[in-house]
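Asker: My questions will all concern the structure given below.
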Amino acid sequence: MESQVLFLSDLNFNLEVWKRELKFQESEMDYFEEKLENIAIRNLGNDVMRQLESFQNKIIREREVMGNLRHRIRMKKREIEQASYDNRPEVIFHEKQVLLKDEMKTFVKMHYDLKENMMDFFLKYL
């Protein structure tokens, strides 16, 4: 019983870390949007505007994915809170947790790839 409580506590810890990661990345996207607006105001031509619009679209898509991941994290936290300790939750939760972990890992990689591309863009046009 005690090991199951610790296991669920570890899962909850992972969820909290992921939630904080998403919050941080969202604040980065807010900052990057401000910088894109600064570039847009300068009207640097059609090519720059196309790149800028592409970044804006990627930010919109990234925010959608973040919302979906946050929702899944909330649902997972509810499942943990409602867990019945005599149903071997470690098996059920571990399988689902691995899927969410993989999605978070993929999202973080994609976020940092986008961030790197945007930083290159900012170096050129800010």
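None of the figures in this text is laboratory data; all of them are computed from the coordinates on show. Since the structure is predicted, the reported quantities are computational estimates derived from the model, not experimental observations.
Asker: Please work out how much length the chain gains when fully extended from LEU123 to VAL48, using 0.36 nm per residue of separation minus the C-alpha to C-alpha distance, in nm with one decimal. Can you show the working numbers first?
Answerer: Values: separation 75, 0.36 × 75 = 27.00 nm, distance 1.28 nm.
Residue separation times 0.36 nm, minus the Cα-Cα distance, leaves 25.7 nm.
Asker: Moving on. Step through the table entries LYS35/LYS109; LYS23/LYS76; LYS35/LYS58; LYS35/LYS76, compare each Cα-Cα distance with 26 Å, and write down the pairs that go over it.
Answerer: The answer is LYS35/LYS76.
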